Structure formats: structure tokens, C-alpha cells
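Peer 1: Here it is, the structure in full.
The values are calculated or read from the model by the stated rules, or taken from the named source; none is laboratory data. Just so it is clear, the model here is predicted, and its values are computed rather than measured. Counting neighbours? That spans all protein chains shown, and the Cβs are built from the backbone with ideal geometry, glycine included.
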Amino acid sequence: MPTTALYRDDFYLSTCEAVVTAIHDDGGIELDQTCFYATSGGQPGDLGFLERADGSRIDIALTRHGETKDIILHQPAEGQPSPAVGETLVLHIDWPRRYKLMRMHTACHLLSVVCPFPITGAAVGEEESRVDFDMSETIDKDQVTADLMKLVAENHPVYLQWITDAELVANPGIVKSKNVRPPVGLGRVSLVAIGENSAVDSQPCGGTHVSETQEVGAIHIAKIEKKGKENRRFRIRFGVPEVSA
């Protein structure tokens, strides 16, 4: 059975109730619905725990997709008990960790605005993220940081829009990733829009994000690495840049 991904419509949903629909051979727990984000698009899956009726818990060490994108599996940590099919559980994500990832993922989108080059790779982390661009230009990391913080301070709204698979195919220019195409086949594709009427940015993305840019907080470009003749890796970190002595 497909899993209803509640986080698609509410990034701030940190707990929900769900029913176990299947237990996979590797222990993966399949539920009828979930607020846990499954690893995808460079963003790690959620951690947390499942609360049973008696108050005991099943710690979740990984959330991932099953054979298809519409199946989400919650992988228990080693030594955790397994629930029964049909059992009702209360899900609790590790909210501080998720919120950091939401802030970081939104920061990555802002970076793609400041650096409007094709994206060749990305990975969202709790303390540091990286975005790789197909570019050969020399660019000053302090200026990039200043431009990023300007967008953060302007406090633009961040929200989802939906388009059909056909609309995505008809508008390939909205895809910023050079190597990875947004998944189609589910009938609709989510666009993460920034700014009133998408004035700042709009691109396909299935990850989780904050609702306004000021929530990103202080960020900076810690390093720009040359990864080939026409590839640059930008490393984003929370906080202000360290001042050299």
C-alpha cells in the first residue's frame, strides 16, 4: 500500500498517528501515513521514535523509500522491538535535527539564486551542506555570503506550488539540477517557491523547508573548492564566518 506522506503538505508536522500496514524482511516498518521524511534529493531521512500504546518506544535509525517512491519505510535501530501489522503507533520525529535540515535545505535554494549556474550535486547536512555548480568563474565567498544574508534578512515567504507531470515536461528550464531529474509518475510535482509570486525562485523539490527566509538564520560560505575545470563546490555552514587572526 502507498504511504501518505503528510510532510508534503505540512513541513512543521512533528508527530502523527499511524497504523502498521507491513513489516519487511529487513525489519522496515511500513505505515499507512507518516510525518517522517524519507531520504531523497540530497536530504537525509528523519530520525525519531514510534510510540506504542503501552508507552514504550521503537527508535528509528533511518527513513527511506521502498521499491517505489510512494512507499516509505521506517528502519528500527538495532535491538528494537517490531510492532504488529494493524498496530496503531504515534510517530515522533527528532524535531531539532529536522528543523536544522529544513533551514539548511532552504539555504541551498538561496545559494542557487545567488549563483545561477547548473547544479551538479548537493548534500544537505545538519551543520554543513554542499552544493556543486557547473561553473569555471572565480567568485568571492564573502560576497556570496553577503548576498545570501541579504535574502535571509529580506524575509521572503517560502511555500509549495504544485504542477502536473506534463507541465514539468513542457517547462524543462525550471529544473536547476544538471544530472538529476525530478521524479515523475505520481501525477504531480512540487515546486518550492521563494518570494511573493515566486519572485525570488521556483524549482522542483520534494524536500522540507522553512516558511520564511529569516528562519534560515546566520549562514556563510565556509569554502569554495575547485572540483575539476568547470565544477565548484560551495560549503555552507551555520553561523558567521570565523575571523582570521
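Peer 1: Considering only residues that are of a type in the set (Val, Ile, Thr) and surrounded by fewer than 18 Cβ atoms within 10 Å (Cβ to Cβ), look in the stretch 88-109 and name the one that is farthest from residue 213 (Cα to Cα). Can you show your working first?
Peer 2: Taking the stretch 88-109 and keeping what is of a type in the set (Val, Ile, Thr), we get 88, 90, 93, 106.
Still in the list and also surrounded by fewer than 18 Cβ atoms within 10 Å (Cβ to Cβ): 88, 90.
Values: 88: 36, 90: 31 Å.
Here the answer is 88.
Peer 1: I'm trying to understand the selection: among the residues of the stretch 193-216, which are within 12 Å of the chain's Cα centre (by Cα) and among the small types (Gly, Ala, Ser)?
Peer 2: Taking the stretch 193-216 and keeping what is within 12 Å of the chain's Cα centre (by Cα), we get 204-210.
Of everything in the stretch 193-216, those that are within 12 Å of the chain's Cα centre (by Cα) and among the small types (Gly, Ala, Ser) turn out to be 206, 207.
Peer 1: Tell me, yes or no, whether the stretch 31-45 has at least one residue that is hydrophobic (A, V, I, L, M, F, W, C), touching a helix residue (DSSP H, G or I) at 6+ places or on another chain (Cβ under 7 Å) and at negative phi. If you could, list the steps in order and put the result at the bottom.
Peer 2: We begin by selecting, within the stretch 31-45, every residue hydrophobic (A, V, I, L, M, F, W, C); these are 31, 35-36, 38.
Filter again for touching a helix residue (DSSP H, G or I) at 6+ places or on another chain (Cβ under 7 Å), leaving 35.
Right, trim to at negative phi and you get 35.
There is at least one residue in the stretch 31-45 that is hydrophobic (A, V, I, L, M, F, W, C), touching a helix residue (DSSP H, G or I) at 6+ places or on another chain (Cβ under 7 Å) and at negative phi.
Peer 1: Still on this structure, I have one more. Which of the residues belonging to the stretch 99-128 are among the hydroxyl-bearing types (Ser, Thr, Tyr) and either within 11 Å of the chain's Cα centre (by Cα) or over 11 Å from residue 234 (Cβ atoms) (or both)? I'd like the intermediate steps shown before the answer.
Peer 2: First pass over the stretch 99-128, keeping only residues among the hydroxyl-bearing types (Ser, Thr, Tyr): 99, 106, 112, 120.
Correct list: 99, 106, 120.
Peer 1: Now, a different point. Does at least one position in the stretch 124-139 carry a residue that is touching a helix residue (DSSP H, G or I) at 6+ places or on another chain (Cβ under 6 Å) and among the hydroxyl-bearing types (Ser, Thr, Tyr)? Explain how you work it out, then say what you get.
Peer 2: Going residue by residue through the stretch 124-139, those that are touching a helix residue (DSSP H, G or I) at 6+ places or on another chain (Cβ under 6 Å) are 124, 126, 129, 131.
Then drop every residue that is not among the hydroxyl-bearing types (Ser, Thr, Tyr), which leaves 129.
Yes, that holds for at least one residue.
Peer 1: Working only within the stretch 200-217, note down all residues that are modelled with pLDDT of 95 or more, touching a His at 6+ places or on another chain (Cβ under 8 Å) and hydrophobic (A, V, I, L, M, F, W, C).
Peer 2: Scanning the stretch 200-217 gives a single hit, 200.
Peer 1: Further question: If residue 63 satisfies every condition in (1) out of contact with any helix residue (DSSP H, G or I) (no Cβ under 9 Å at 6 or more places or on another chain); (2) more than 19 Å from residue 192 (Cα to Cα); (3) surrounded by fewer than 16 Cβ atoms within 10 Å (Cβ to Cβ) but one, which is the exception?
Peer 2: Of the numbered conditions (1) out of contact with any helix residue (DSSP H, G or I) (no Cβ under 9 Å at 6 or more places or on another chain); (2) more than 19 Å from residue 192 (Cα to Cα); (3) surrounded by fewer than 16 Cβ atoms within 10 Å (Cβ to Cβ), the odd one out for residue 63 is (3).
Peer 1: Also, I was wondering about something else. Name the residue, out of 38, 84, that is crowded, with 16+ Cβ neighbours inside 10 Å, at pLDDT 95 or above, of a type outside the set (Asp, Glu) and over 30 Å from residue 146 (Cβ atoms). Outline the logic, then answer.
Peer 2: Numbers: 84 fails: crowded, with 16+ Cβ neighbours inside 10 Å.
Result of the check over 38, 84: 38.
Peer 1: Return the total of residues in the stretch 1-55 being farther than 23 Å from residue 126 by Cβ and either in a strand (DSSP E or B) or among the hydroxyl-bearing types (Ser, Thr, Tyr) (or both). Let's see the steps before the verdict.
Peer 2: Residues of the stretch 1-55 that are farther than 23 Å from residue 126 by Cβ, as a first pass: 1-4, 9, 17-33, 51-55.
Keeping just the survivors that are either in a strand (DSSP E or B) or among the hydroxyl-bearing types (Ser, Thr, Tyr) (or both) gives 3-4, 17-23, 29-31, 33, 51.
Qualifying residue count for the region: 14.
Peer 1: Anything in the stretch 129-156 that is under 17 Å from the mean Cα position of the chain (by Cα) and either under 22 Å from residue 9 (Cβ atoms) or not polar (S, T, N, Q) (or both)? List them, or say none.
Peer 2: Matches in the stretch 129-156: 130, 131, 132.
Peer 1: Restrict the check to the stretch 108-128 and report whether at least one residue is over 30 Å from residue 225 (Cα atoms) and either modelled with pLDDT of 95 or more or in contact with a Ser or Thr (Cβ under 9 Å, 6 or more places away or on another chain) (or both).
Peer 2: Applying the first criterion (over 30 Å from residue 225 (Cα atoms)) to the stretch 108-128 yields none.
Checking the stretch 108-128: not a single residue is over 30 Å from residue 225 (Cα atoms) and either modelled with pLDDT of 95 or more or in contact with a Ser or Thr (Cβ under 9 Å, 6 or more places away or on another chain) (or both).
Peer 1: List, please: which pairs have Cβ atoms under 7 Å, are six or more places apart or on different chains, and start with a residue in the stretch 209-223 that is within 21 Å of residue 133 (Cα to Cα) and end with one that is at pLDDT 95 or above and of a type in the set (Gly, Ala, Ser)?
Peer 2: From the stretch 209-223, the pairs are 219/107.
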